[in-house]
Amino acid sequence: MNEIAGFLGILQSIPPAFVYILGAALLPLFKGRARKAYLVAIGVLGLALAFTLKPQTSWMLQILPEIKLTLLHADALSLIMGYIFTLIGLFAIIYSLDAVKETGHHICALLYIGSSLGAVFAGDFITLYIFWEIMAVSSLGLIWYEGSKRARDAGMRYILFHLFGGCALLAGIIIHFLTTGSLTAGPIEEMGLAYFLILLGIGVNTAFIPLHTWLPDSYPKATIAGSVFLSVYTTKTGVYALARTFPAAEAGGAVAYMGAVMAIYGVVFALLQNDVRKLLSYHIVSQVGYMVAGVGIGTMMGINGGIAHVFNHILYKALLFMCMGAVIYETGRMNLTELGGLARKMPVTTLTCIVAAFSISGVIGFNGYVSKGMIIHAAEESHLHLIALALMLASVGTFLSFLKLTYFTFFAAPSEEIQAKEAPITMLIPMVATAALCVAIGVYPQMLYRILPYPEEAFHYNAYSAGHTLGTAELLLMTAFMFFAFGFFKPHERITYDIDHIYRRAGRAFLHFCEGPLMDFAKSVESGVMKISDALISFSRNPTATTRMFVDAAAIAVLRPFNPAYKKYEADLNELRRRYHEPVENIAIGTGVLLVLIFFALLLAIYLAYTA
């Protein structure tokens, strides 16, 4: 019994990341049904390890006398991230069983989950950075496995953004270590170059405006299952890193306002989209804005709200991508203008999508209502009324977006008959389970309060106070009336340009400059250098003729406009140019000695002038 207890104790201290990374390495050994069972087993084992981890559990590795890697640091903040990452990881794995055939895709997904868990449980910046980069590379595979040219191009832009963010993060970590001597992943209090570089690196993953364009560019072009994984890990790992390193920091106010800008910006662009997954992708930017605002506010209620929204958002956003993935899987269509009337053909998908839409919109009784209310309450407590107003306006836009998504996908009359049936059971099981959790947390939020970073503060918040509940109900009812009374939100096929349009135009202009004016300038410089080189070579071969030619050419250039008689010298000069390449066979010894003496005299003069 003691041996079993000891083994279980060791098992409970293993970093969950190792399960997924080792599982990815062994996956090629399994085929067919065995592979499906193996994938589910990995998901279940990872979930079990995360939920059995105890606070203050650690796993350290000494690599140098002064550097110790902390591969596992479990506290309230990292544990809640571990819970939701492993839970939704299991659901996403089940969802992908029939949707994904390529072994490489499953390997990328497992590495993506494992590296994200490695980042949130990292106790030092080196470990965080290593997993941060693995996360970027492994997630790239989920985009490229879609196979189209547009996916390859989007993946290239995606990795360029993340390489830039990773370089900024690494540079900040190095400067921070050289300045403080510490690699502990914790609050960075002293503002300086390291502070801003680390914030910039985190900001890329968290989709700060204007560093966000990689997200709506790449997520809609990933595979159906890949977009489910992508919707969960990268941005939420960024929010975790932000909460770990910059809570209540000097730049906290700026971070909170950045969150408000993200919330408004994302929802405006989401309303303009026709592609269902691009609409959802812009809503990731908007919803992450709520989390960033909560963390930036920096109070216990703000951080609780931000992390609670991470938890809730992962549930309903993954569910939304699952639902839209099922629609695309069955119909082959991804634009709202091509969809409609699917409620009767895909009833379970329709119901779960409605639950997800109500959750993200903050409808009373669903999980988004709880966490959004906490963040807005934290902003009002901190007298950040402009941020609170921005978040409420973003809620209106969110509800409009998802009325648009659900109505035109499932209830509006289609332009032509669509052949479709309900999604496979492996897709429906995780969809129903995720929808049930969205409702359960909305009805009984105390189950979420217990695992937040500051549970006592969370239990003081009453999500269903009369004023907040009535105010939210009035706002949602007015929004629904606006949607159905006016036809402003009908989907369209217009192209909408984001900030990346500026990047691309600037890039094309830079390439044109490099290929045109810059190349012309380089050619002119090269031509001038070659002429000077030829002149020097000619002078060394025939100093007398070259000197005479130079003097005659200068005289003709200066005096010809004023004295036409100088035109006759041009013929002599051309003849000299024809013959000046011929070396002089004999040169007087006195002339040579004179040239050498003049050269040394110049050197002596330069030396005396320099040393005077």
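The values are calculated or read from the model by the stated rules, or taken from the named source; none is laboratory data. Worth saying up front: this structure is predicted, and the values here are computed from it rather than measured. Every residue, glycine among them, receives a Cβ derived from its backbone with ideal geometry; neighbour counts consider all protein chains shown.
Residues checked against (1) buried (at least 24 other Cβ atoms within 10 Å of the Cβ); (2) hydrophobic (A, V, I, L, M, F, W, C):
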site	(1), (2)
Asp275	no, no
Leu280	yes, yes
Gly294	yes, no
Ile307	yes, yes
Pro347	no, no
Ala356	yes, yes
Practice item. Being more than 31 Å from the chain's Cα centre (by Cα) and either at positive phi or not in a helix (DSSP H, G or I) (or both) narrows it down to one of Ala480, Ala463, so name that one. Key: Ala463
Exercise for review: Return yes when Ala154 is in the same structural domain as Pro16 (by TED's automatic domain parsing) and at pLDDT 95 or above and no when it is not.
Suggested key: no
Revision key, fill the gap. Taking segment 376-420 and keeping residues in contact with a helix residue (DSSP H, G or I) (Cβ under 6 Å, 6 or more places away or on another chain) and either over 21 Å from Ala357 (Cα atoms) or small (Gly, Ala, Ser) (or both) leaves Ala378, Ala379, Glu380, Ser382, Ile387, Ala388, Ala390, Ala394, Gly397, Ser401, Ile418, Ala420
Practice item. Working carefully through the options Leu140, Leu111, find the one that is under 16 Å from the mean Cα position of the chain (by Cα) and more than 21 Å from Tyr329 (Cβ to Cβ). Key: Leu140
Exercise for review: Pull up segment 410-459, narrow it to residues that are part of a helix (DSSP H, G or I) and hydroxyl-bearing (Ser, Thr, Tyr), then point me to the one that is nearest to Met334 (Cα to Cα).
Suggested key: Thr426
Exercise for review: Please determine, by comparing only the residues of segment 5-27 that are not in a helix (DSSP H, G or I) and not hydrophobic (A, V, I, L, M, F, W, C), which one is modelled with the lowest pLDDT.
Suggested key: Ser13
Revision key, fill the gap. Exception for Pro491 within (1) modelled with pLDDT of 75 or more; (2) touching a Lys or Arg at 6+ places or on another chain (Cβ under 8 Å); (3) exposed (fewer than 12 other Cβ atoms within 10 Å of the Cβ) falls at (3)
Practice item. Considering every residue within segment 386-399, establish whether at least one is in contact (Cβ under 8 Å) with a residue 60 or more places away in the chain, aliphatic (A, V, I, L, M), assigned by TED's automatic domain parsing to the domain that holds Met324 and not in a helix (DSSP H, G or I). Key: no
Revision key, fill the gap. Of (1) within 19 Å of the chain's Cα centre (by Cα); (2) at pLDDT below 95; (3) within 20 Å of Tyr369 (Cβ to Cβ), Gln287 satisfies every one except (2)
Study note, to complete from the structure: If we ask which residues in segment 189-228 are within 26 Å of Leu272 (Cβ to Cβ) and in a helix (DSSP H, G or I), their number turns out to be 15
**Study point:** Within segment 89-138, tally of residues that are among the hydrophobic types (A, V, I, L, M, F, W, C), under 30 Å from Thr245 (Cβ atoms) and not in a helix (DSSP H, G or I)
**Key:** 2
Check your understanding: Do we have any residue at all in segment 145-163 that's in contact with a His (Cβ under 7 Å, 6 or more places away or on another chain) and either surrounded by fewer than 22 Cβ atoms within 10 Å (Cβ to Cβ) or closer than 30 Å to His105 by Cβ (or both)?
Key -> yes
Check your understanding: Could you list, in sequence order, the residues of segment 29-69 that are surrounded by 21 or more Cβ atoms within 10 Å (Cβ to Cβ) and in contact (Cβ under 8 Å) with a residue 60 or more places away in the chain?
Key -> Leu39, Ile42, Gly46, Ala50
Revision key, fill the gap. By residue number, the members of segment 444-476 that are among the aliphatic types (A, V, I, L, M) and loosely packed, with under 13 Cβ neighbours inside 10 Å are Met447, Ala466, Leu470, Ala473
**Study point:** His313 touching a Ser or Thr at 6+ places or on another chain (Cβ under 7 Å), within 27 Å of Asp500 (Cβ to Cβ) and at pLDDT 95 or above
**Key:** no
Check your understanding: Which condition does Ala241 not pass, out of (1) more than 30 Å from Gly325 (Cα to Cα); (2) in the same structural domain as Leu111 (by TED's automatic domain parsing); (3) buried (at least 23 other Cβ atoms within 10 Å of the Cβ); (4) of a type outside the set (D, E, K, R), if it passes all the others?
Key -> (1)
Check your understanding: So which residues in segment 371-405 are among the polar types (S, T, N, Q) and surrounded by fewer than 20 Cβ atoms within 10 Å (Cβ to Cβ)?
Key -> Ser382
Check your understanding: Can you find a residue in segment 249-267 that is hydroxyl-bearing (Ser, Thr, Tyr), farther than 22 Å from Met135 by Cα and not assigned by TED's automatic domain parsing to the domain that holds Tyr444?
Key -> no
**Study point:** Unmet requirement for Ala207, which otherwise passes all of (1) crowded, with 21+ Cβ neighbours inside 10 Å; (2) touching a His at 6+ places or on another chain (Cβ under 8 Å)
**Key:** (2)
Check your understanding: Here are Leu111, Leu142, Leu117, Leu72: which of them is surrounded by 22 or more Cβ atoms within 10 Å (Cβ to Cβ) and at pLDDT below 95?
Key -> Leu72
**Study point:** Residues of segment 333-383 satisfying the condition of being more than 19 Å from Ala270 (Cα to Cα) and hydroxyl-bearing (Ser, Thr, Tyr)
**Key:** Thr349, Thr350, Thr352, Tyr369, Ser371, Ser382
